[in-house]
Each structure stands twice: as C-alpha cells, then as structure tokens.
Amino acid sequence: MTEVWTTRRILEWIEGYLSEKGIDNPRLSAQWLVADALGCSRIDLYADIDRPLSESEREVLRESTKRRGTGEPLQYITGTCDFRFLSYFIEPGVLIPRPETEVLVSEALAALPKDEEILALDLCTGSGNIACSLASENPLIHVFATDLSPEACALAQRNVDHLGLSEQVLVMQGDLGSPLPDDIYGKVGLVISNPPYIPSNVLSGLDAEVKDFEPSLALDGGPDGLEVFRRIVPFAHDALRTGGLFACELHEGCLDAAAEIAQKAGFTGVRIVEDLVQKPRVLIAQKS
Ligand SMILES: C[S@@+](CC[C@H](N)C(=O)[O-])C[C@H]1O[C@@H](n2cnc3c(N)ncnc32)[C@H](O)[C@@H]1O
C-alpha cells in the first residue's frame, strides 16, 4: 500500500532533504515551506499534522524545496518578510530586510519629535521597509524614498500600496538624493539610510545565501565600506533643517571612521548605537 503524504511525513522528508544539502536549521525551513504551501501558520501545521496533502500542494513543495536546497533564502521563495510590525512582499533582486535595521528605525523614531509634521528621506529604500515603518508608526511623518534599482523601486511601491501608505510615502527611482525636488533643501527633519556598506574584501567571505542570492548593488560599499556613505553625508547635511536628524546603518568595523566623516561635515551629537547582538551598527547625528 502506498503511504499517504501527510503534513507530518512531508515535514520529515523536507527536513531530511535539506539536511543532506547542508542547509542550516533544516527543520525550520521545512516548517516555513510547508506552512507557505498550505497557506497557514507554522503553529497551525501541528493542529492538523496528519492532514493529507493535495497533488497541487505537493507540486508547490517539490519546487520550493528544490530552490531551498540550492541555498536560496526562504524569503525569496515564500515572497514575504516580516520587519518590525508589518509583513512585506520580497523578491529576488531586492535585499531582504534584516533585524539589525529595526534598531535603525527605532532609534530614529525615538529621537524625533512626536507632535510635529516631519519630512523624511529614506535613501536606498530597497523593499521600502524603513520608509513604511516610519510612516506607519508615526502618522505625522512623510517620506520620500529613493533607490537606484528599478526592481527595488517597483517592489517598494507595491509594499507602499499594499500597506495603504501611499499618502505618506513617495517612491522615486534614482541615485541617492538626485530624484528629489529642489525645494526640500533645508526643510528635512530626518535623513535615514541603510546604504550598501559591506567592504568589498568582506563580501567574498559572506555566507553563500547572501553573496550568491542577494544583489551586490545592495551590499558592496566599496574598499572601506563607506563609498556610498561618503556621498550621503554632504547631501544629508544640505537637505536637513537645523536640528534635523541623520541616522545611518553601517558595517560594524566602519562606525568610528564614519563618525569622523560626519563630524568633519558639520554634524554634532554624533553617537554610535549597537545592534541586537551588541555590534556597533547605527550612526546618529544632528545638524545644529
Ligand atoms: C542595504 S540595501 C537596503 C535596503 C533597505 N533599505 C533595507 O533596509 O533592507 C541598499 C539599497 O541601496 C540601493 N542603492 C545602492 N546604491 C544606490 C545609490 N547610489 N542610490 C540609491 N540607492 C542605491 C540598492 O539598490 C539597495 O536597495
């Protein structure tokens, strides 16, 4: 008698397959893939663990398991990623939002006034996760979000529309501040960015899941990791109003050099904030 493919059996099979392929934490991957194929949460899988799978569900899982077995990140396969309080569409060609970037957003929100309208610029917006978080967590914030990559801008726009934030977030394609209207100079309350910041020589040592699947335009920060940052600093200083805030995520080894660059450009109150695993990660500064 042929054995029925139940949730339990497919979870075990996928876990074994991914384990053989050397994928980290194969059980967790199996749970995410099966939950995605069945359209339920990971917890719900266990509520009906002996449920038989349909042929179409098994077909979806054959394809997604094969992709995961090559090391492709889960978020590209399931097409979604959680960031702070929201769930975002995500797709190959655009950086997957990271937990450390949540610190960048929380630091910026905490340092901003809560009772006045704020014009914010999110440079290098990617999927739009920073811009959408700011807008959804503070209804007085309006964001211009820019990215050089057309794929990123299209995805950011999809996220803005899906999250119902189009009144607050405007996505524009182009190099850093170049697509922005001229009349913003001196009026901006926050310039925030998670630019490409991995030093080029560190890139080749990154996990295959990152370097083989995520776009190098989103990662490569040049020889010292500060190539894009150096271009952002003078622009941010010109764009900000007096008292405006600059918040930027950077590579752990670059924060001291970055602080010096920001100070030389005229920023004050420069401080470095650690991420969730106590690595220096975020630079905060003010235009005084
Ligand atoms: C590290 S990712 C950050 C994505 C997103 N903000 C996040 O936190 O997940 C950097 C982004 O910068 C974009 N980028 C690279 N160079 C740029 C430039 N010169 N101007 C605007 N965007 C750029 C990339 O396309 C990528 O989406």
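Within segment 161-186, track down each residue that is among the hydrophobic types (A, V, I, L, M, F, W, C) and more than 18 Å from the chain's Cα centre (by Cα). Quick ask: steps written out before the conclusion?
In the first step, residues of segment 161-186 are kept if they are among the hydrophobic types (A, V, I, L, M, F, W, C); the result is 163, 165, 169-172, 176, 180, 184.
Matches in segment 161-186: Leu180, Ile184.
Being within 28 Å of Thr101 (Cα to Cα) and not in a helix (DSSP H, G or I) is the filter; apply it to segment 52-76 and report the residue that is nearest to the chain's Cα centre (by Cα).
Step one: of segment 52-76, the residues within 28 Å of Thr101 (Cα to Cα) are 64, 67-76.
Those still in the list that are not in a helix (DSSP H, G or I) too: 70-73.
Numbers: Thr70: 22, Gly71: 19, Glu72: 16, Pro73: 13 Å.
Among residues in segment 52-76 that are within 28 Å of Thr101 (Cα to Cα) and not in a helix (DSSP H, G or I), the one nearest to the chain's Cα centre (by Cα) is Pro73.
Considering only segment 226-251, how many residues are part of a helix (DSSP H, G or I), farther than 23 Å from Glu100 by Cβ and either outside the structural domain of Asp122 (by TED's automatic domain parsing) or of a type in the set (A, V, I, L, M, F, W, C) (or both)?
So the first thing to find is which residues in segment 226-251 are part of a helix (DSSP H, G or I), and the list is 227-239.
Those left that are additionally farther than 23 Å from Glu100 by Cβ: 234-235, 237-239.
From what's left, either outside the structural domain of Asp122 (by TED's automatic domain parsing) or of a type in the set (A, V, I, L, M, F, W, C) (or both): 235, 239.
Residues that pass the stated criteria total 2.
One line per residue, one yes/no per condition, for (1) of a type outside the set (Gly, Ala, Ser); (2) buried (at least 24 other Cβ atoms within 10 Å of the Cβ); (3) under 19 Å from Arg241 (Cα atoms):
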{"residue": "Ala108", "(1), (2), (3)": "no, yes, yes"}
{"residue": "Asp115", "(1), (2), (3)": "yes, no, yes"}
{"residue": "Asp122", "(1), (2), (3)": "yes, yes, yes"}
{"residue": "Leu134", "(1), (2), (3)": "yes, yes, yes"}
{"residue": "Glu137", "(1), (2), (3)": "yes, no, no"}
{"residue": "His142", "(1), (2), (3)": "yes, no, yes"}
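So, in segment 22-70, how many residues would count as being under 26 Å from Phe213 (Cα atoms) and in contact with a helix residue (DSSP H, G or I) (Cβ under 7 Å, 6 or more places away or on another chain)? Let's see the steps before the verdict.
Of the residues in segment 22-70, the ones under 26 Å from Phe213 (Cα atoms) are 22-39, 41-42, 57-70.
Still in the list and also in contact with a helix residue (DSSP H, G or I) (Cβ under 7 Å, 6 or more places away or on another chain): 23, 26-27, 29-38, 41-42, 57, 60-61, 64-65, 67-69.
Number of matching residues: 23.
Can you pull out every residue in segment 77-92 that is part of a loop (DSSP other than H, G, I, E, B) and either within 9 Å of the ligand (Cβ to nearest atom) or of a type in the set (Asp, Glu) (or both)?
Taking segment 77-92 first, the residues part of a loop (DSSP other than H, G, I, E, B) are 79, 84-85, 90-92.
Selection gives Glu91 alone.
Could you grab me the full set of residues in segment 75-89 that are surrounded by 17 or more Cβ atoms within 10 Å (Cβ to Cβ) and touching a Ser or Thr at 6+ places or on another chain (Cβ under 6 Å)?
Ile77, Arg84, Tyr88
Quick one: Ala152 ticks every box in (1) near the ligand (Cβ under 8 Å from one of its atoms); (2) assigned to a helix (DSSP H, G or I); (3) in contact with a helix residue (DSSP H, G or I) (Cβ under 7 Å, 6 or more places away or on another chain); (4) farther than 19 Å from Asp275 by Cα except a single one, so which number is it?
(3)
Could you check segment 202-242 and list, in sequence order, the residues that are among the aliphatic types (A, V, I, L, M) and closer than 30 Å to Lys187 by Cβ?
As a first pass, look at segment 202-242 and keep what is among the aliphatic types (A, V, I, L, M): 202-203, 206, 208, 210, 217-219, 226, 228, 232-233, 236, 239-240.
Passing the criteria: Leu217, Ala218, Leu226, Val228, Ile232, Val233, Ala236, Ala239, Leu240.
The values are calculated or read from the model by the stated rules, or taken from the named source; none is laboratory data. Bear in mind that the values here come from a model prediction, so they are computed numbers and not experimental data. Virtual Cβ from ideal backbone geometry, glycine too; neighbours counted across all protein chains shown.
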